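Only one structure is covered here, and it is reproduced in the block below.
Throughout, read-outs are computed from the coordinates displayed, never taken from laboratory work. The structure presented is a predicted model; accordingly, all values stated were derived computationally and were not measured. Heads up, the Cβs are rebuilt from the backbone with ideal geometry, glycines too, and the neighbour counts pull from every protein chain shown.
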Amino acid sequence: MTSPMADLLSILPQQLVFGLALGTVYGLIALGYTMVYGVLLMINFAHGEVFMIGAYIGWAVLAFLLNHAVGGLHPIWVLPVLLLPAMVICGVLGMTIERFAYRPLYLRGGSRLAPLISAFGASIFLQNAVMLTQGARMKVYMTNTLFPRTWRFDIFGVNVSVLLLVMIAVSMSLTWGLILLVQKTTLGRSIRAVSEDREMASVMGVSVGQVVGLTFFLGSALGGAAGVLVGLYYTQIDFVMGYSAGLKAFTAAVLGGIGNIKGAMVGGLLLGIIESVAVTFINPAFKDVVAFAVLILVLMFRPEGIFGETLSDRKKV
Amino acid sequence: MPEPSMLKLSDLVTYYGQMMALKGVSLEVRQGEIVCLLGGNASGKSTTMKTILGLVRPREGSVEFEGNRIDRLATGEIVKRGISLVPEGRRIFGRMTVWENLAMGSYVRRADPKADIDHDMERVYSLFPRLKERLGQFAGTMSGGEQQMLAIGRALMARPRLLLMDEPSMGLSPVFVDQVFDIIKEINKQGTTILVVEQNAAVALSIANRGYVLQNGRIAAADTAAALLQADDVRRAYLGEE
């Protein structure tokens, strides 16, 4: 008979892989927080709801495909068909939120609290809009029509599902795509210019309003994609799912250093792994406690995060 | 026969919140000139620059550039029409490389053929060979003088017909100040009209054609640079002579 500790250790590798997958998804959501913070110095607390709506869109498209049973749903084409509409619609939704809930406030140049409060308002509005139109009961992703439960295999003695690997691959490639966009293109340079010195960016001829809108589009599109991935994995979604996922991703963004794109991914990965390893040893009911303990500790001891720039480095906007 | 007016400010009144920063400023810059705007702290020099670029809006008066009013245009549109700024305190993008800063300078021309932009990059390298050696370096890690060169190079990348310079000598060692002003002369010789704001009146007037003295948001004196250098009150106020 093995000791309980040895039992725990034997499932640890499994938990690590799970933590990795969870972490990349946290990272994907965290990118939305961090990019918006970069250009506007505000936390978009409605971002979790955008993620939730992404999950609903993916669910609706999948249900549609199943009802019109084309037969032979293969993830190779179905996955993009789920992701694309979720990303585009969430992207536009994010821009809309910025246009109506934040821009009128930050243009007036008032308190930085005003847009933050407005973000909570937008968040409550979106949750209730989804509850009223979709009902309060949870929706079920028919994931096993896409990724049958038998699609698992062993790597180095760790049993992993194909879905988990797909989650990691999709999140990683979207993040990588975003980093390329921000680092290598004219568009990305204009985003960085706005986040570094808004007035000088406009002196270069950059339209700050457009760049802010674009930033919301990109961040929200990634949030929408994360919603689809989480829906596929957990198979049950509801209208409040954005709340805790949003807070976790916010924690990841702070952990990595808010405003820093690579930091968002690293923070997400760390948080996912910490969380999944912790639940190996303690009651899984404490999962959220672990995540938010991390947030508190980071805020107390290293508020600028792992890759953080201290706020005083930034020019006042 | 004087050249036609390129930039014309007429009776500009600009407020910062409740404070009236410009109280009816009129001035003119003609094609091909170097015009110097002198004045102490809080005299309205930087506000004048910001008003020209549309970063603050005048409450009264007008700004005309090459015969068209520009005082209601967005900053980006004004830059596109041919005015760029070397701002006070340089304000290069410190977390971007030197090359990226220059590329940001050509942002308004992003639809232009790449060869044109490369050609202008070469022009900047020939003015500032040191920048070419540091293309991949983060701009924030360079010395103040190098950052000033980059700020000028970045402004030139927009291919301006009028270059606004706000305190280009501020915080630079005397050697660099001379270099910067040599380069301003050189840029002017290559065909760019220049409006420069300076506290260092002696150096600025030595290269300028004409100058204006701004005091408390009003033009207190306007004359040729040579005459201003001789004027008693200017000598007392800006050249430190009793």
Inset, instruction - Hey, can you grab everything whose amide H is under 5 Å from the amide H of B:Arg218? Only 5+ residues off in sequence or another chain; H modelled, so Pro and N-termini drop out. - result: B:Lys23
Inset, instruction - Would you please state the base-10 log of I(q)/I(0) at q = 0.12, 0.18, 0.27, 0.30 1/Å for segment B:93-154, with intensities from the Debye formula using one equal scatterer on every alpha carbon? - result: -0.25, -0.56, -1.17, -1.36
Inset, instruction - Treat every Asp and Glu Cβ in the protein assembly as shown as -1 and every Lys and Arg Cβ as +1, leave all other atoms uncharged, and give the resulting dipole magnitude about the Cα centre to the nearest 20 debye. - result: 940 debye
Inset, instruction - Between beta-carbons, use under 14 Å as the cut-off and find the net charge around A:Trp176, counting Lys and Arg +1, Asp and Glu -1. - result: +2
Inset, instruction - Give the shape of the protein assembly as shown as rounded, prolate or oblate, defined through the alpha-carbon gyration tensor: a ≥ b ≥ c are the square roots of its eigenvalues, a/c under 1.5 means rounded, and otherwise the shape is prolate if a/b is larger than b/c and oblate if not. - result: prolate
Legend entry - Residue-wise HN-Hα coupling along segment B:193-203, computed from phi with Karplus coefficients 6.51, -1.76, 1.60 (Hz; x: Gly, Pro): 7, 10, 10, 10, 9, 8, 8, 7, 5, 4, 5
Inset, instruction - Could you run the Karplus curve 6.51 cos²θ - 1.76 cosθ + 1.60 with θ = phi - 60° over segment A:221-228 and give me ³J(HN,Hα) per residue in whole Hz, x for Gly and Pro? - result: 4, 5, x, x, 4, 4, x, 4
Inset, instruction - Within 10 Å of each Cβ in peptide B:91-100, how many partner chain Cβ atoms are there on average? Round it to a whole number, please. - result: 4
Legend entry - Label-to-label distance, nm, for residues given as B:Asp11 and A:Arg137 (7 Å Cα→Cβ offset): 7.4 nm
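About the Cα centre of chain B, how large is the charge dipole given +1 on each Lys and Arg Cβ and -1 on each Asp and Glu Cβ? Please answer in debye to the nearest 20.
Values: 30 positive and 29 negative charges, 152 e Å.
Using Cβ point charges on Lys, Arg, Asp and Glu, chain B gives about 720 debye.
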Inset, instruction - Taking only Cα atoms and a 10 Å spring cutoff, compute GNM fluctuations for chain A and point out the largest among A:Leu73, A:Leu232, A:Leu178. - result: A:Leu73
Inset, instruction - Could you calculate the FRET efficiency of A:Ala285 with B:Met20 from 1/(1 + (r/R0)^6), where r is the beta carbon distance between them and R0 is 56 Å, rounded to 0.05? - result: 0.30
Inset, instruction - Give the relative contact order (percent, whole number) for segment A:4-313; include only Cα pairs under 8 Å separated by 6+ residues. - result: 38 percent
Inset, instruction - Summarise the partner chain shielding of A:205-218 as one whole number: the mean count of Cβ atoms from other chains within 10 Å of each residue's Cβ. - result: 2
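Subtracting the Cα-Cα distance from 0.36 nm times the residue separation, let me have the gained length for B:Ala111 to B:Arg81 in nm, one decimal. Provide the component values of the computation, followed by the final result.
Details: separation 30, 0.36 × 30 = 10.80 nm, distance 1.45 nm.
Full extension of this stretch gives 9.4 nm more.
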Legend entry - Alpha carbon centroid spacing (whole Å) that separates segment A:89-127 from segment B:136-186: 39 Å
Inset, instruction - Run the quick spin-label model on B:Ser206 and A:Asp7: label points 7 Å from Cα toward the beta carbon, then report their separation in nm to one decimal. - result: 8.7 nm
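Might you report the magnitude of the Cβ-based charge dipole of segment A:18-146 about its Cα centre, with Lys and Arg at +1 and Asp and Glu at -1, to the nearest 20 debye?
On the way: 6 positive and 2 negative charges, 49 e Å.
About 240 debye.
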Inset, instruction - Return the subset of A:Lys184/B:Lys185; B:Lys45/B:Lys132; B:Lys45/B:Lys80; B:Lys8/B:Lys114; B:Lys132/B:Lys189; B:Lys132/B:Lys185 for which the Cα-Cα distance in this structure is over 28 Å, preserving the input order. - result: A:Lys184/B:Lys185; B:Lys45/B:Lys132; B:Lys8/B:Lys114
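As a test of the formula, what do you get for the protein assembly as shown when each DSSP H run with n ≥ 4 contributes -39,500 (n - 2.57) and the sum is divided by the residue count, at 222 nm and rounded to the nearest 500 deg cm²/dmol?
Using -39500 (n - 2.57) per qualifying helix, the result is -18500 deg cm²/dmol.
Working from the alpha-carbon coordinates of chain B, get Rg over Rh, Rh being the Kirkwood radius. Mind dumping the intermediate values first?
On the way: Rg = 17.5 Å, Rh = 18.2 Å.
Computed over Cα atoms, the ratio is 0.96.
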Inset, instruction - Using θ = phi - 60° and the Karplus relation 6.51 cos²θ - 1.76 cosθ + 1.60, list the HN-Hα couplings for segment A:8-17 in order, rounded to whole Hz, with x at every Gly or Pro. - result: 4, 5, 5, 8, 4, x, 4, 5, 5, 5
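If contacts are Cα pairs under 8 angstrom and at least 6 residues apart, what is the relative contact order of segment B:93-154 in percent?
It comes to 58 percent, rounded to a whole number.
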Inset, instruction - Rounded to the nearest 10 degrees, what's the angle between the helix A:47-67 long axis and the longest principal axis of chain A, both from Cα atoms, 0 to 90? - result: 50 degrees
Inset, instruction - With springs only between Cα atoms under 10 Å apart, run a GNM on chain A and tell me which of A:Ile76, A:Ile11, A:Ile179 wobbles the most. - result: A:Ile76
Legend entry - 0 to 90° range, to nearest 10: angle between helix A:261-281 axis and chain A longest Cα axis: 30 degrees
Legend entry - Value of relative contact order over chain B, rounded to a whole percent, pairs C-alpha under 8 Å and six or more apart: 27 percent
Inset, instruction - Could you pull out every residue, at least 5 positions away or on a different chain, whose amide H is within less than 5 Å of the one on B:Leu12? Hs are placed 1.01 Å off N in the peptide plane, and Pro or chain starts have none. - result: B:Gly24, B:Val25, B:Ser26, B:Ser62
Inset, instruction - Give me the aspartates and glutamates in straight-line cross-link reach of B:Lys50: C-alpha distance below 12 Å, same-chain residues under 8 apart excluded. - result: A:Glu199, B:Asp71, B:Glu88, B:Asp166
Inset, instruction - For B:Val196, enumerate residues with amide H under 5 Å from its amide H, sequence gap 5+ or separate chain, H modeled in the peptide plane. - result: B:Val35, B:Cys36, B:Leu37, B:Met165
Legend entry - For chain A, built as a Gaussian network whose Cα springs stay under 10 Å, the top-fluctuating residue of A:Gly157, A:Gly38, A:Gly259: A:Gly157
Legend entry - Positive-end residue, the protein assembly as shown charge dipole about Cα centroid, Cβ charges, pick of A:Ile29, B:Ser62, B:Thr192: A:Ile29
